Amino acid sequence: MYKYSVSILGTGFIGLCSAACFADKDIKVLASTHNEKKANMINEGKAPFYEADLQEMMDDIKANKPELLQCLLDPVKAILETDISMITQGTPMREDKSINLGYIESTAREIGEALKHKDSYHLVVVRSTVVPGTARNLVGKIITEVSAKLPGKDFGLCMQPEFLAEGRSIEDTLKPDRIVIGEFDEQSGATLQEFYEYFYGDHLENCPILRMNLESAELVKYGNNCLLSTKISYANEFANFAQLVPNVDIVQVMKGVGLDYRINDRFLGAGVGFGGSCFHKDVNAIKAWSKSKGYPSRLLEAVLDINDDQAIRIVDMAEELAGDLKNKRITLLGLAFKPGTDDMRQAASIRVVKELKKRGIEDIVGYDPKANETAEIELGSKIAYAGSIEQALKDSECALLITEWDEFKNLKPDDFTKHMRTPNLVDGRRLYDYDLFIKSIPFRAIGRINLE
Ligand code: UDX
């Protein structure tokens with residue numbers, strides 16, 4: 001017998017990383033998905049997507065304790081055979097940019113179906129990012145409707161947001177800064193807290209557990225992602241101010257701002273803008289939600305506008321540097337939304353390509369160390385794809401640095417001179433040493449202009 005058994009309903013980043021970390025610490029996990037191919041892969045010990053350290057962890061579980069991590073195609077069975085169920089389904093953006101709670105709703109029905117046949121107490125934990133009111137008014141109510149069981153009596157209900165960033169999901173799962181527990185009632189929260197005391201042990205000395213109601217916990221997650229997005233747009237707004245004055249450098253400005261103990265310099269990196277699976281989705285979701293309640297958010301509207309307009313700024317800078325870009329070859333260095341991933345969701349490269357096309361610039365070559373294939377799914381024949389930096393720069397008249405991969409960090413001014421027809425370079429991520437590059441090749445960088 002295991003002290004804890006958990007069903008993980010949804011096998012994306014949060015679901016599978018939690019499942020692997022729990023199993024690694026001797027908790028019995030039954031994951032569930034409706035995707036047969038994914039389930040087979042997980043059962044064979046193979047991660048269905050790339051995430052740092054995940055495969056190694058799954059290899060170890062497969063070799064030493066395979067019974068602790070299994071993936072079923074039947075969520076009802078997974079729920080019935082465990083004591084805690086975590087909903088880790090996606091909450092994608094609808095066409096109108098509001099949140100799509102379809103997967104949460106169908107999972108709540110499956111939990112209801114299972115709880116109909118269960119007499120002992122079961123804890124349900126929403127881990128997906130959901131707008132305030134969802135855990136109580138959608139998940140809780142559907143479970144009661146289907147099973148006739150009551151929250152706070154027959155089953156516990158919590159909302160525990162996660163704060164994983166891609167590429168760090170395992171590390172973030174194992175070493176969170178804090179654990180936020182939204183609870184329907186005291187027993188629900190206490191049951192989840194006990195589970196995490198068991199799972200985290202000593203780590204809790206440096207990681208507070210915050211208990212609050214369901215809706216507050218739901219809003220914490222949006223508060224987090226919206227503030228991080230706001231910090232980036234704030235840095236970009238100041239980068240645009242910096243470009244109004246010769247020799248002001250946004251990197252130094254934000255370093256100065258960030259050293260204030262009330263602020264910190266993380267997520268103050270100006271550049272071509274944020275992307276990824278969460279920031280646009282979550283900022284839009286809470287913005288649509290607040291508007292539907294009669295409070296349209298001016299702040300979040302500006303955060304998204306400033307971000308997406310950075311694509312226009314970088315193309316403006318390229319044209320200021322290299323002249324009219326029509327009939328010239330342009331190179332995009334990096335396509336993924338951030339280094340270390342092949343994820344193209346909401347990547348700045350997509351907005352940059354759109355802006356280039358809008359200006360009639362057709363000859364665009366992109367290169368990404370990991371994301372060429374996923375970029376092709378997203379961008380198709382709008383651009384050509386190079387297999388190396390050299391090939392990407394060949395015959396090019398202007399290069400735009402979009403994603404700050406290590407492979408690009410090592411490039412010297414000479415590399416651009418050697419491979420390009422004319423070595424114009426715009427640094428969209430402040431990757432390069434400004435003083436070195438400005439004296440070596442025609443160069444511009446977000447958030448700084450030189451003396452002229
Ligand atoms: C983010 C949050 O960090 C995480 O807590 C949440 O759970 C999911 O969303 P993720 O999207 O994986 O994680 O990536 P993150 O590292 O936060 O970067 C997001 C985007 O912001 C990237 O496009 C990155 O390039 C950009 N960014 C980040 C900046 O433009 N400037 C910065 O200073 C930091």
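The values are calculated or read from the model by the stated rules, or taken from the named source; none is laboratory data. Fair warning: this is a prediction, and the values are worked out from it, not measured in the lab. Glycine gets a Cβ as well: all are built from the backbone with ideal geometry, and neighbour counts include every protein chain shown. Note: accessible area is taken over every heavy atom of the protein model, side chains too, but ligands, DNA and RNA are not part of it. Shrake-Rupley method; radii C 1.70, N 1.55, O 1.52, S 1.80 Å.
Numerical summary
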read-out: The one condition in (1) crowded, with 17+ Cβ neighbours inside 10 Å; (2) more than 12 Å from the ligand (Cβ to nearest atom) that Tyr222 fails to fulfil; value: (2)
read-out: Qualifying positions in the range 237-254 - farther than 18 Å from Ile306 by Cα, open to solvent by 50 Å² or more (accessible area, probe 1.4 Å) and not in a helix (DSSP H, G or I); value: Val245, Pro246, Asn247
read-out: Residues that are within 20 Å of Gln89 (Cα to Cα) and either within 16 Å of the ligand (Cβ to nearest atom) or open to solvent by 80 Å² or more (accessible area, probe 1.4 Å) (or both), drawn from the range 285-308; value: Ala285, Ile286
read-out: Some residue of the range 402-424 being in a strand (DSSP E or B), touching a residue at least 12 places away in the same chain (Cβ under 8 Å) and under 29 Å from Phe238 (Cβ atoms); value: no
read-out: Residue check for Arg313: more than 12 Å from the ligand (Cβ to nearest atom), closer than 29 Å to Leu101 by Cα and basic (Lys, Arg); value: no
read-out: Whichever residue in the range 255-273 is farther than 18 Å from Glu320 by Cβ and near the ligand (Cβ under 9 Å from one of its atoms) and, among such residues, is surrounded by the fewest Cβ atoms within 10 Å (Cβ to Cβ); value: Arg266
read-out: Filtered residue count, the range 12-31, keeping only those that are open to solvent by 10 Å² or more (accessible area, probe 1.4 Å) and within 17 Å of Val126 (Cβ to Cβ); value: 3
read-out: Sole exception among (1) without any contact (Cβ under 8 Å) to a residue 40 or more places away in the chain; (2) touching a His at 6+ places or on another chain (Cβ under 7 Å) for Leu115, by number; value: (1)
read-out: Test: residue in the range 274-284 that is more than 11 Å from the ligand (Cβ to nearest atom), assigned to a helix (DSSP H, G or I) and closer than 27 Å to Phe13 by Cβ; value: yes
read-out: Condition broken by Glu51, with the remaining ones in (1) at pLDDT below 95; (2) open to solvent by 40 Å² or more (accessible area, probe 1.4 Å) satisfied; value: (2)
read-out: Flag if Val426 is open to solvent by less than 60 Å² (accessible area, probe 1.4 Å), more than 27 Å from Tyr50 (Cβ to Cβ) and within 16 Å of the ligand (Cβ to nearest atom); value: yes
read-out: Long-range neighbours under 6 Å by Cβ, at least six apart or interchain, first residue among the acidic types (Asp, Glu) within the range 380-400, second in a helix (DSSP H, G or I); value: Glu390/His419; Glu397/Ala322
read-out: Selection from the range 169-206 of residues that are within 30 Å of Gly340 (Cα to Cα), of a type in the set (S, T, N, Q) and open to solvent by 30 Å² or more (accessible area, probe 1.4 Å); value: Asn206
read-out: Wholly enclosed helices (runs of 4 or more DSSP H) of the range 3-111 bearing at least 1 residues more than 27 Å from Lys287 (Cβ to Cβ) and in contact (Cβ under 8 Å) with a residue 40 or more places away in the chain; value: 13-24, 54-64, 75-80
read-out: In the range 225-242, the residues that are more than 8 Å from the ligand (Cβ to nearest atom), under 14 Å from Lys255 (Cα atoms) and among the small types (Gly, Ala, Ser); value: Ala239, Ala242
read-out: Any chance Thr107 is touching a helix residue (DSSP H, G or I) at 6+ places or on another chain (Cβ under 8 Å) and not hydrophobic (A, V, I, L, M, F, W, C); value: yes
read-out: Hits in the range 356-383 (condition: over 25 Å from the mean Cα position of the chain (by Cα), open to solvent by less than 50 Å² (accessible area, probe 1.4 Å) and farther than 20 Å from Asp308 by Cβ); value: Gly360, Val365
read-out: Identity of the residue in the range 61-103, within 19 Å of Thr144 (Cβ to Cβ) and within 19 Å of the chain's Cα centre (by Cα), that ends up least open to solvent (accessible area, probe 1.4 Å); value: Ile87
